[in-house]
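Input: a single structure, listed below in structure tokens.
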Amino acid sequence: MSSLLARALIAWRLELRLLVRHWAYPLLLAAWSAFVIYVFRDQAVISPEAALNRDLGHFSIGISSLAALLLGAAGAGRSQRTRFASLEESYPTGAEVLLGRWLAGVVALLPTQVAAVAIAGRAGPASSLWRGLPTFVLEATITVAFCTAVGWLLVSWLGPRRWVYPLLAGGWLGCLGLPVFLGRRNLGIPGAELLDFMRSDTGSYEELWGRLFEGALPVWFNLFYAGLAALGVALVVARVAARRRRRAPLVPAALALAALVVAAASATAYVQQVRAWEARAVDRGKPRPLPGPGDLATAAVETIDAWEIAVDLTDPASPRFDARFTLRNAGSEPITAATLTLHRDLAITMSSLPYARDGDVLTLTLSEPLAPGATRDLRLAYAGPIWAFIAGFDQTPYPVTFTAADGVRLAHSGGWYPVPGRMLAPPDWSEPTHPPAAFHLAVTVPEGWGVFSNLPATGDTTFASERATWVVLFASPRLRTEQVGASTIVAPEALLPRARALVPDYEALLADLARYFPGPAPKGLTFAVLDTLPGTAAYTPPAGDQPLVIMSGTTPRDLKKYPLNRRYVMGDALAADLWGLAGGAPELPFLFHVVQESLWARHVAGGDPERFRREVTDALGGGQADPAVVALAKIEARRGEDGVRQVIARMIAEQQTLRGLAPAELAAWIEEAGGAR
Amino acid sequence: MEIVIEDLRKYYGAVRALDGVSLHVPGGMFGLLGPNGAGKTTLMRILVTLLAPTSGRVTVGGIDVMREPARVREILGYIPQEFGFYRSLTAYEMLDYIGTMKRIPPRARKRQVEAVLEEVNLTADAKRRIGTYSGGMKQRLGIAQALLGDPALLVVDEPTAGLDPEERIRFRNLLVRISGRRTVLLSTHIVADVEASCTGLAVLRQGRIAFAGTPEELVERARGRVWQLEVEPGEWEAVAARVQVVSSRTVGGRLQLRVVADENPLGRGVPVEPGLEDGYLAVSGTTLREGMLTHV
């Protein structure tokens, strides 16, 4: 070990010792840890990696940044405060002592993250913790290094004055609101979040995708602050070197310049990505006239009766698609061209017909006119990366459809397969995409990757449905499929235990609700816990003969504590699929609503007649009741569940004739159908 | 080790802390005398590379202090006027750290730390935290750190200020003992410190050298100008205004004064043998009068 390194190491060790053995240090750690624990005492943690990459981790790093500013200033001023500076400066040392001492400040602050890691670790599993820990520690180190460097720089320039500390604390507080003030909702400066050195933004981590859809932003962000930290230290070194060596500090100045270039280049790259995404999000997400439910079948004269699509995700960032589909003329006149929608990013490599493209609109020129009702088999091969964005509530652009090396998310309206007509839906539209049709999907993925589609699985990576109205395809190395009894769960690895624990609850509720529907009760369900992005249809038709429930990755762990969530993600989801499996049409929500309300009230009451009455009579809140729901309750009171099942069966059988009935008329119909009149 | 200072100037705006100082220190223990504010500490800080001069040149053993400060630091031991240590460390730990900073190899470092602790008589207290040390012990620890690395030049700035008489004498003796083959530059405003230890000295006054030579030469400057006389207490003010009073004491209700003056004061002074303090006052008094005349 060279003498230089030895001195740096000894200086580091001494400074670390002085810091950690100071009476205030354990107090600082205890206070910081207690604050983190207090703030997150009741907050649900999805997984260790999620916790470290989102609120918990960012909060912990954020408050540590304040400690880093103050500790950096304290460390920088120690020699002068203790009057050791004049001795120290007479020794034949260089920048190595300063660097060692600064680094000790950084290391001394890392234990402030222990509380966050411990809280995250409790959410298990360990694999998730180990996966999230390196990035978390790296980001905490960068933030702490930057703040410590700022503290050093300030004290080096101004001297170890007492007012430096309140100045730093005030500056930190001021910076809390700076990104918001400068950001999209106020001054609208692109990339203003880059100033959020304390990482107060909660981050865009998803258990399934990690931080994939932040793109390269975290890299540029971290490089920017690493560059600034290096710049700060290099400036301090340059200043000290100039004073002590009496010559231009060429090496520190060159390092400072290099650090400045890194920071500036990173900032530029960051802003460029934000701008590019914003531009695409605005483009794809601007308001368009939306077709209403049921209008899809008539939205275009051409329709597709069957798809057979092979998706090759061997190179996930740039997938290849081979689509065979049967086009039918659903209009009354012959057509000579078919208008389809295919995402503009996808490059067509082979087409069985000549084509023209205009943005997302693909026009196939038929070799001969297609008569009304006639069909034609077509083939289209296309490939390439595909990214579609929406603007979040704070105008932050989020990709909802993307193909990346670490995951593929093909949302149902992302235009990843040719859809008849001009698909008017923006990417977050949650209604079905096209009229019911057969759909066969075969996917090739890299080894170890999991695949999910809303279609019933026919193999590990093959899916098929005869009545698909929307199709999504998710593929990720984190995605796992597991069979739990009669049910199938699909979730990121870290969420599997949580999904597994919910299955018995779902199955019990399914059995409870299924008694009221005609036909055999489904055995189990397909239960997917995915992400929090839009891009799946709100109404999720059953996967084959099983209800399909897609739950957000951030849904609370204990649903019993949150009745509204429980009703939405359990009761309503299952009832909707049971309705669909029994033949009920999804586009008649007023009918389904009656069944849904009544069954949920009954489930909540759990056999308590008085509570059931209260739930029904207050179904609309404020003592208001839906007369149709009250009518169905009357049937149950008189004829038990057989009576209700009979009414629901008739309701489904005669659903088209019930279209347009007023609530009172529907109530009368229910009473009549249930034999209450 | 020879120190050569040529036309050294240090200005702080309009204030001339050093104004054309030229001095040759041949080696040995050399005293730098001068009242507070004479520029001693400024000169010391330039010598030990902590401060850059406005102009002039300083070489230590032939090494230019301004051009090669890092090389000067390698042969330097410095005890500033005011200094401190990390209070939570023990003397041994502190010296071990400083030894590393002075680039002493690990094996030699342990031996040297123990040796300097022994030298300054702190071995028994080496494992005590510095925060518990008395002022004298801290001063001795200051010497110990300066001795680490066996520096050829030791620069000591006002070392006895704030020490009690016993500590002062002990400290002075220690300096003499360690001076040995080194050059020791001792800055002080206490003449007795120089008198007891230095082979050469310079007097600095208002940023300029008022005298440079041996202690004996400084004493000679006062020969024939030192008087003892007795005065009434009421006469003291008038006498002090005309001559420099070196000392005074009350004897039988009258004041017995020792003064430096070119002529017999009041015609009733008795010439006495001069000492170093008289020489110092004689030199600085001359300078003072010259300064006053210049202003007139």
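Would you work out if segment B:39-193 is rounded, prolate or oblate? Take a ≥ b ≥ c from the square roots of the eigenvalues of the alpha-carbon gyration tensor; rounded if a/c is under 1.5, else prolate when a/b is larger than b/c, oblate otherwise. Taking the square roots of the gyration eigenvalues as a ≥ b ≥ c, segment B:39-193 is oblate. The mean count of C-beta atoms from other chains within 10 Å of the C-beta of residues in B:64-74, rounded to a whole number, is 3. Taking a ≥ b ≥ c as the square roots of the eigenvalues of the Cα gyration tensor, chain A is classed as prolate, since a/c reaches at least 1.5 and a/b is larger than b/c. For chain A, the longest principal axis of the alpha carbon atoms and the long axis of helix A:95-109 meet at an angle near 40°. A simple packing score, the average count of other Cβ atoms within 10 Å per residue, orders the peptides B:70-77, A:40-47 as B:70-77, A:40-47, with the highest score first. Mean per-residue shielding of peptide B:100-106 is 6, counting Cβ atoms of other chains within 10 Å of each Cβ.
Around the amide H of B:Ser22, modelled in the peptide plane, lie the amide H atoms of B:Asp7, B:Leu8, B:Ile209, all under 5 Å away and 5 or more residues distant in sequence or on another chain. Highest mean packing first, where packing is the average number of other Cβ atoms within 10 Å per residue, the peptides B:38-44, A:326-332, A:221-227, A:143-149 line up as A:143-149, B:38-44, A:221-227, A:326-332. Taking square-rooted eigenvalues a ≥ b ≥ c of the alpha carbon gyration tensor, is segment A:589-673 rounded, prolate or oblate, where a/c under 1.5 means rounded and, failing that, a/b exceeding b/c means prolate? In terms of gyration-tensor shape, oblate.
Fully extending the segment from B:Ala124 to B:Glu2 would add 40.3 nm, taking 0.36 nm per residue of separation and subtracting the current Cα-Cα distance. What number results when the radius of gyration of segment A:13-129, computed over Cα atoms, is divided by 2.2 N^0.38 Å? Here the answer is 1.30, to two decimals. Here the 3J(HN,Hα) profile of segment B:121-128, calculated from phi with Karplus coefficients 6.51, -1.76 and 1.60 at θ = phi - 60°, is 6, 10, 4, 5, 9, 5, 9, 8 Hz, Gly and Pro shown as x. Scalar couplings 3J(HN,Hα) for segment B:222-239, obtained by applying the Karplus form with A = 6.51, B = -1.76, C = 1.60 to θ = phi - 60°, are 9, 4, x, 10, 10, 10, 10, 8, 10, 9, 6, x, x, 8, 4, 4, 5, 5 Hz; x denotes Gly and Pro.
Contact order for chain B, expressed relative to its length and based on alpha carbon pairs under 8 Å spaced 6+ residues apart, stands at 20 percent. Estimated from helical segments only, the mean residue ellipticity of chain B at 222 nm is -11000 deg cm²/dmol, where each DSSP H run of four or more residues counts as -39500 (n - 2.57). Its residue count N sets the reference 2.2 N^0.38 Å, and the alpha-carbon radius of gyration of chain B equals 1.12 times that reference. Output the antiparallel fraction of DSSP beta bridges having both residues in segment A:478-559, as a percent to the nearest 5. The antiparallel proportion sits near 50 percent. Taking other C-beta atoms within 10 angstrom as a stand-in for reagent exposure, A:Ile309, A:Ile489 fall in the order A:Ile309, A:Ile489, fewest first. Structure note, pairs B:Lys10/B:Lys102; B:Lys10/B:Lys127; B:Lys40/B:Lys110; B:Lys102/B:Lys138: Cα-Cα distances above 31 angstrom occur for B:Lys10/B:Lys127; B:Lys40/B:Lys110. Per-residue Karplus couplings for segment A:645-650, computed as 6.51 cos²θ - 1.76 cosθ + 1.60 with θ equal to phi - 60°, are listed in order as 4, 5, 5, 5, 4, 5 Hz, Gly and Pro entered as x.
In summary, the aspartates and glutamates within cross-link reach of A:Lys523, defined as a Cα separation below 15 angstrom excluding same-chain residues under 8 places away, comprise A:Asp505, A:Glu507, A:Asp512, A:Asp545, A:Asp577. Residue exposure proxy: B:Tyr11, A:Tyr417, A:Tyr270, ordered by other Cβ atoms within 10 angstrom of their Cβ from fewest to most, comes out as B:Tyr11, A:Tyr270, A:Tyr417. For B:Val203, the amide hydrogen comes within under 5 Å of the amide hydrogens of B:Leu33, B:Ala210, B:Phe211, B:Ala212, counting only partners 5 or more places away or on other chains and with H modelled in the peptide plane. Relative to the longest principal axis of the Cα atoms of chain B, helix B:165-179 runs at roughly 60 degrees. Calculate how steeply helix A:663-673 sits against the longest principal axis of the alpha-carbon atoms of chain A, using the helix alpha-carbon long axis, and give the answer as 0 to 90 degrees to the nearest 10. With rounding to tens, the tilt is 50 degrees. With contacts taken as Cα pairs under 8 Å and at least 6 residues apart, chain A reaches a relative contact order of 9 percent. Please report how far the C-alpha centroid of segment A:623-677 lies from that of segment A:22-59, rounded to the nearest whole angstrom. One Cα centre to the other: 54 Å. Counting every other Cβ atom within 10 Å of each residue's Cβ, A:His58, B:His189 order from fewest to most as B:His189, A:His58.
Can you list the equivalent-ellipsoid semi-axes of segment A:3-283, largest first and in whole Å, using the square root of 5 times each Cα gyration tensor eigenvalue? Numbers along the way, then the final one.
On the way: eigenvalues 218, 112, 57 Å².
Calculated on Cα positions only, the semi-axes equal 33, 24, 17 Å.
Relative contact order (percent) for segment A:589-673, with alpha-carbon contacts under 8 angstrom and 6 or more residues of separation? That works out to 28 percent. Helical content of chain A, expressed as a calculated mean residue ellipticity at 222 nm, amounts to -15500 deg cm²/dmol (DSSP H runs of 4 or more residues, -39,500 (n - 2.57) each, divided by residue number, nearest 500).
Rule-based calculations on the coordinates, nothing more; no lab input. All values reported here derive from a predicted model rather than from experimental measurement. Heads up, the Cβs are rebuilt from the backbone with ideal geometry, glycines too, and the neighbour counts pull from every protein chain shown.
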